[in-house]
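Undergrad: Supplied in structure tokens, the structure appears directly below.
The values are calculated or read from the model by the stated rules, or taken from the named source; none is laboratory data. Just so it is clear, the model here is predicted, and its values are computed rather than measured. Glycine gets a Cβ as well: all are built from the backbone with ideal geometry, and neighbour counts include every protein chain shown.
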Amino acid sequence: MAEAPVFPKLDNTMGAIFVGVLMGAALWGISCMQTYEYFSEFRRDSWMSKVMVATLFVLDTLHQILMTHVIYTYLITEHFNVAYLNQVVWSLVGQVIVSALIGLMVQTFFVYRIWILSHHNLPAVVFVMLLVLSEFAVSLTYFVKGLKVTTFALLPSLFRLSQSVNALAATGDIAIAATLIFILWRSKTGFSKSDSIVNQLILYSLNTGFLTSVCALLSLITITVYPNSFIFITFYTPLSRLYTNSLLATLNARKKLRVRAGTEHNSLGSSGNITRNKTDPPFSMGNQESSRHLAIRVDTETAKGYDRSTYSKTNGFELSVFGDRDQVKGENGV
């Protein structure tokens, strides 16, 4: 009588991947809702902004499909095939480059916001962008070398690269969030309404940077402490989904900020780039050096000595992510 095959423990290998795929699927559902909200609410955004969101959603969906294929292959297609559990399925390597592209797109978007908000502060932008490009370069190297890895026995050769990817991801996210928070904090005007909006933007920046950096750090810690398991994939898989949702949340937050300001006519754009008319109230930061500070105009507040009747004749603008303007015409905004 033939002996039954002995299966290895799958808790910290395929089980870990399975948990990561489930978390990724839940976050993918949220990104679906956010993508729908974006295209429903911001139809007048620039075509570049729409292409960026559409491309990001396609990549995010592709990454979820690849990770689902990984776990389906090991647990369903090759069920009872113990030998195959040591083989590296092609989709496990393929998802690396997709994840890298998602991270590059989202982080570059936030670096662009830093460029606009800091009034083209080159040293800050170069420093953060170098971290972003370094992460992508290491991810690309991991992908190329991973194509030659056919069994998990060869996976330790990529150990240092995997650590570097997660370390650079966490460092880049923290640097982006910290820079945005610092710039926004300096932009406070002393007007309660505009400062309230700035505080909300600071909270958004903190939350998005915090979630992605924590996820990358957990992936780094687990791959270092448990190098012979796939526990790190539990945190690595949802990272792409968190990147996508952080960008979409930033874009969709514009509507909430308008409601918070109590008016449909405000000049707060997704990129933070503010267009000021000569008749706008002087809501510049601290000192009046507009080249160093972010100016935010809130229509419901009036500066001392400011003629509101003159301002009411001007049009409000909402800037798209790439700085193109959607003019708000008439009282109904159409």
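Undergrad: When only residues in region 188-209 that are within 17 Å of ILE114 (Cα to Cα) and among the hydrophobic types (A, V, I, L, M, F, W, C) count, which is surrounded by the fewest Cβ atoms within 10 Å (Cβ to Cβ)?
TA: LEU203
Undergrad: Which one of these is under 20 Å from the mean Cα position of the chain (by Cα), of a type in the set (S, T, N, Q), part of a helix (DSSP H, G or I) and over 30 Å from VAL125 (Cβ atoms): THR61, THR68, THR55?
TA: THR61
Undergrad: May I pose another question? Among the residues of region 252-261, is there at least one that is within 17 Å of the chain's Cα centre (by Cα) and within 19 Å of ALA26 (Cβ to Cβ)? Walk me through it before giving the result.
TA: Initial filter on region 252-261 (within 17 Å of the chain's Cα centre (by Cα)): 252-254.
Now restrict to residues that are within 19 Å of ALA26 (Cβ to Cβ): 252.
Taking every residue of region 252-261 in turn, at least one turns out to be within 17 Å of the chain's Cα centre (by Cα) and within 19 Å of ALA26 (Cβ to Cβ).
Undergrad: Which residue, of THR35, THR108, is closer than 29 Å to ILE181 by Cα, among the β-branched types (Val, Ile, Thr), in contact (Cβ under 8 Å) with a residue 24 or more places away in the chain and surrounded by fewer than 21 Cβ atoms within 10 Å (Cβ to Cβ)?
TA: Checking each option against the conditions leaves just THR108.
Undergrad: From (1) farther than 20 Å from ALA216 by Cα; (2) touching a Ser or Thr at 6+ places or on another chain (Cβ under 7 Å), pick out the condition that doesn't hold for SER99.
TA: Checking SER99 against (1) farther than 20 Å from ALA216 by Cα; (2) touching a Ser or Thr at 6+ places or on another chain (Cβ under 7 Å), the one that fails is (1).
Undergrad: Here's another thing I want to ask about it. Have a look at LEU184, LEU218 and point out the one that is out of contact with any His (no Cβ under 7 Å at 6 or more places or on another chain), buried (at least 18 other Cβ atoms within 10 Å of the Cβ), assigned to a helix (DSSP H, G or I) and free of Cβ contacts under 8 Å to residues at least 24 places away in the same chain.
TA: LEU218
Undergrad: While we're here: Which of (1) modelled with pLDDT under 90; (2) out of contact with any Asp or Glu (no Cβ under 7 Å at 6 or more places or on another chain); (3) over 24 Å from SER49 (Cα atoms) is the odd one out, the single condition THR189 does not satisfy?
TA: (2)
Undergrad: From VAL96, VAL82, grab the single residue that is surrounded by 17 or more Cβ atoms within 10 Å (Cβ to Cβ) and more than 30 Å from ARG186 (Cα to Cα).
TA: Matching residue, one of VAL96, VAL82: VAL96.
Undergrad: A follow-up question, please. Quick one: would you say THR141 is under 30 Å from VAL93 (Cβ atoms) and part of a helix (DSSP H, G or I)?
TA: Criteria met by THR141.
Undergrad: May I ask you to say which residue of GLY190, GLY209, GLY172 is part of a loop (DSSP other than H, G, I, E, B) and small (Gly, Ala, Ser)?
TA: Answer to the check: GLY190.
Undergrad: Quick test for you: out of GLY172, GLY209, GLY146, GLY190, pick the one residue that is without any contact (Cβ under 8 Å) to a residue 40 or more places away in the chain, touching a helix residue (DSSP H, G or I) at 6+ places or on another chain (Cβ under 8 Å) and not basic (Lys, Arg).
TA: Unique residue meeting the criteria: GLY209.
Undergrad: Taking the residues in region 221-242 that are farther than 22 Å from MET105 by Cβ and hydrophobic (A, V, I, L, M, F, W, C) as candidates, determine which candidate is farthest from the chain's Cα centre (by Cα).
TA: Result: VAL225.
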